[in-house]
Amino acid sequence: ADRNRGVDPACRIPRGHTVSRAELERIAPGLALGRASGGALWYDALAGDTERLVLELVLDADAAGAAVANRLRALGLLRRGGRVEGVSARDEIGGGDLEIRARVTINAAGPWLGELQQPLSGGAATAPKLAKAMNIVVGRRIFGDVAVGVEGGGPQKRLFFFVPWRGGTMIGTQYVEHDGPPGSCAVTAADLEGMTAAVNRIHPGAGLAAADVRFAHVGLLPLDPCADVSAAAEARLLPRPRVIDAARELGAEGLIAVLGIKYTTGMTVAARAIDLACRKLGRAAGSVSQARRDQPQRAAPAAAGVDAEATRRIDPRQPTTVADVRRAVREEMALALTDIVLRRTPLGTFGNPGRDVLEACALAAGDELEWDAPRRAREIALMEAEYARLLGGRTS
């Protein structure tokens, strides 16, 4: 009821309401309505670029005094007796290992949380099993400009949302139990066949084939260790996030672990973890809202050179320019082609833009990062391998 309190009028969310069967048929034609008497229409916000949102948090942290580094891999925890004193890490671009010492270490490594902490428990598992969560993106609008949620029949009553997405439709989410290390997470050909078949059962009008999928989102979520193992993966997801004091649960002082489950609760979980770290450091735990008010304003990115080359589009079908690529490298810590194509610009987030576009982007980035021809070729190969990971072995 208070969702619009203090919100700019232009950004306020309208009130939801029910609609008649006739109105539902007009809004979402082709639905198998059965005995439905109507539907419910409500409004919400859509995060069109969660990668950029994460990047903004990193850049804000940098502006507030944090030392941040892209492509730096945590290898393991540094320990002395029963205390964790930081992490060993590896520079995956420049090479070389280093140690980062800290009085308090926060393990927010997501699905890799258990791997990092396993030595503390004598080899026993320290994190729950994982579920693979997948959304698919197809290149056409299935329900126009509205998002539609459709529940299927059967005991699982799987719910799929069809969301307008960059000229196409994003459909999800499907959950399956993940078997293997976190780094092996991928969308397989069987995943695409199974998911498109499930969508067609719920909404036959979609008429999807696995080949229609041009992009996918995939990630790992923790399963509840107390849930019934015979239940479907979506029914076994961990219901709420956890902030773990390793001193209490593992006998390792100086370590805090974050077991997250949902993007929208990230700020709240972060505040809890920081408050716990402050208590361990003997400092007052300030509120997140106060920290945000006190944070210095981040300087605007430096303007790129105003020349014909800077304004040239990398892909004539998209707004991303050479200047955007330069800024990604100079101001936003992009060190690889995948950083730019998938996490700094929209170039590749609606599917593989094509070899010509990847080569043009690699050339523009290479001018900034001093890539020679073999290095540009390697970066393009890694980019195509990422598409293969997301598309069941296909690159487009």
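The values are calculated or read from the model by the stated rules, or taken from the named source; none is laboratory data. The structure displayed is predicted, hence computed values, not measured ones. Neighbour counts run over all protein chains shown; Cβ positions are idealised from the backbone, glycine included. Heads up: the accessible areas ignore ligands, DNA and RNA and are worked out on the full protein's heavy atoms, side chains in. Shrake-Rupley method; radii C 1.70, N 1.55, O 1.52, S 1.80 Å.
Annotations for the structure displayed:
- Residues being of a type in the set (Lys, Arg) and over 16 Å from residue 94 (Cβ atoms) - total across the stretch 365-391: 2
- Meets criteria (hydroxyl-bearing (Ser, Thr, Tyr), surrounded by 14 or more Cβ atoms within 10 Å (Cβ to Cβ) and in a loop (DSSP other than H, G, I, E, B)) for residue 345: yes
- Residue 382 being closer than 23 Å to residue 68 by Cβ, out of contact with any Pro (no Cβ under 7 Å at 6 or more places or on another chain), part of a loop (DSSP other than H, G, I, E, B) and open to solvent by 10 Å² or more (accessible area, probe 1.4 Å): no
- Against the list (1) in contact with a Pro (Cβ under 9 Å, 6 or more places away or on another chain); (2) of a type in the set (A, V, I, L, M, F, W, C); (3) modelled with pLDDT under 95; (4) part of a strand (DSSP E or B), the condition residue 150 fails is (1).
- Top-ranked residue of the stretch 154-170 - restricted to ones that are assigned to a loop (DSSP other than H, G, I, E, B) and touching a residue at least 24 places away in the same chain (Cβ under 8 Å), ranked as surrounded by the most Cβ atoms within 10 Å (Cβ to Cβ): 158
- Qualifying residue in the stretch 345-365 (condition: hydrophobic (A, V, I, L, M, F, W, C), more than 25 Å from the chain's Cα centre (by Cα) and under 25 Å from residue 50 (Cα atoms)): yes
- Pick from the stretch 235-285, criterion touching a Ser or Thr at 6+ places or on another chain (Cβ under 9 Å) and open to solvent by 70 Å² or more (accessible area, probe 1.4 Å), ranking: modelled with the highest pLDDT: 240
- Which listed residue, of 30, 6, is on the phi > 0 side of the Ramachandran plot and surrounded by 11 or more Cβ atoms within 10 Å (Cβ to Cβ): 30
- Test: residue in the stretch 286-306 that is surrounded by 13 or more Cβ atoms within 10 Å (Cβ to Cβ), within 30 Å of residue 113 (Cα to Cα) and modelled with pLDDT of 90 or more: no
- Being exposed (fewer than 14 other Cβ atoms within 10 Å of the Cβ), hydrophobic (A, V, I, L, M, F, W, C), over 25 Å from residue 208 (Cβ atoms) and at pLDDT 90 or above is true of residue 22.
- Candidate set from the stretch 171-199 (those that are among the small types (Gly, Ala, Ser) and either assigned to a helix (DSSP H, G or I) or at pLDDT 95 or above (or both)); member that is nearest to residue 147 (Cα to Cα): 198
- Scanning the stretch 200-210 for residues that are touching a residue at least 40 places away in the same chain (Cβ under 8 Å) and assigned to a helix (DSSP H, G or I), we see that the one that is surrounded by the most Cβ atoms within 10 Å (Cβ to Cβ) is 206.
- Each residue in the stretch 321-344 was checked for being of a type in the set (Val, Ile, Thr) and either under 18 Å from residue 390 (Cα atoms) or modelled with pLDDT under 95 (or both), and 3 of them qualify.
- Residues that are among the β-branched types (Val, Ile, Thr) and open to solvent by less than 10 Å² (accessible area, probe 1.4 Å) within the stretch 315-342 comprise 320, 322, 325, 340, 341, listed in sequence order.
- The stretch 328-353 residues that are under 15 Å from residue 167 (Cβ atoms), paired with ones that are small (Gly, Ala, Ser) and at pLDDT 95 or above (beta carbon under 9 Å, 6 or more apart): 350/139; 350/168; 351/139; 351/168
- Exactly one residue among 213, 199 is of a type in the set (A, V, I, L, M) and within 22 Å of the chain's Cα centre (by Cα), and that residue is 213.
- For the stretch 176-186, the condition of being out of contact with any helix residue (DSSP H, G or I) (no Cβ under 6 Å at 6 or more places or on another chain), under 26 Å from residue 23 (Cβ atoms), open to solvent by 10 Å² or more (accessible area, probe 1.4 Å) and acidic (Asp, Glu) holds for none of the residues.
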